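Novice: Before I ask anything, here is the structure I am working with.
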Amino acid sequence: MSKRFLILFTGFILISLSSYAENNDSAFPSVYELMTTDAVEIWNCTEMNGYNVLVTAVKSKVAGTGAIYAANTWATSDFILAGFDRRWDFGPVLKNKLVSYTFIIKLDGTGVYYDFTVADKNGMTSPSMVLKCKQTK
């Protein structure tokens, strides 16, 4: 009798899980849901004219972590408060030990994006994008 009950109970659980997955777009939360649920700060950054959000930067409640959303892609990042500036470092580490990409939001809300994959031999580069950022959370 107990074996029959165990088999029926296991079958019921499997059917329930299968039904849940079919009735939901995703059985697991997306990276966006995880980052925004754990978000301490969310910044939306637009072109300087204030239109078209190009970058969303998220500071997670987990110390030293965050995420960047741009071009329909999430990238996890390290987060650093550097003086008054908020800084997200992401992408693979390069041969010169620098991170590939950095996004900084200055105290006045100016966001600057650096691509160190095109830096000179001293690791210097100019920002390839300047944005206007507003904190939404």
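Novice: How about segment 41-59: which of its residues are in contact (Cβ under 8 Å) with a residue 24 or more places away in the chain and closer than 15 Å to Thr136 by Cβ?
Specialist: Matches in segment 41-59: Glu41, Ile42, Trp43, Asn44, Cys45, Thr46, Gly50, Leu54, Val55, Ala57, Lys59.
Novice: Filter segment 114-129 for residues that are surrounded by 11 or more Cβ atoms within 10 Å (Cβ to Cβ) and either closer than 17 Å to Gly50 by Cα or among the acidic types (Asp, Glu) (or both) and give the result.
Specialist: The answer is Asp115, Met129.
Novice: Among the candidates Lys59, Lys97, Lys132, single out the residue that is exposed (fewer than 14 other Cβ atoms within 10 Å of the Cβ) and not β-branched (Val, Ile, Thr). Before you say what the answer is, go through the steps one by one.
Specialist: Working: Lys59 fails: exposed (fewer than 14 other Cβ atoms within 10 Å of the Cβ); Lys132 fails: exposed (fewer than 14 other Cβ atoms within 10 Å of the Cβ).
Exactly one of Lys59, Lys97, Lys132 is exposed (fewer than 14 other Cβ atoms within 10 Å of the Cβ) and not β-branched (Val, Ile, Thr), namely Lys97.
Novice: Are there any strands (runs of 3 or more DSSP E) wholly within segment 76-137 with 2 or more residues that are in contact with a His (Cβ under 8 Å, 6 or more places away or on another chain), and if so which?
Specialist: Qualifying strands (runs of 3 or more DSSP E): none found.
Novice: So, one more: Among what's in segment 24-55 and is among the hydroxyl-bearing types (Ser, Thr, Tyr) and modelled with pLDDT under 95, pick the residue that is nearest to Gln135 (Cα to Cα). Before the answer, list the steps.
Specialist: Kept after step one, since they are among the hydroxyl-bearing types (Ser, Thr, Tyr), are these residues of segment 24-55: 26, 30, 32, 36-37, 46, 51.
Within this subset, residues satisfying the condition of being modelled with pLDDT under 95 are 26, 30, 32, 36-37, 51.
Values: Ser26: 29, Ser30: 22, Tyr32: 17, Thr36: 13, Thr37: 16, Tyr51: 15 Å.
Out of the qualifying residues, it is Thr36.
The values are calculated or read from the model by the stated rules, or taken from the named source; none is laboratory data. Since we're looking at a predicted model, the values are computed, not measured. Positions of Cβ are backbone-derived with ideal geometry, glycine not excepted, and every protein chain shown enters the neighbour counts.
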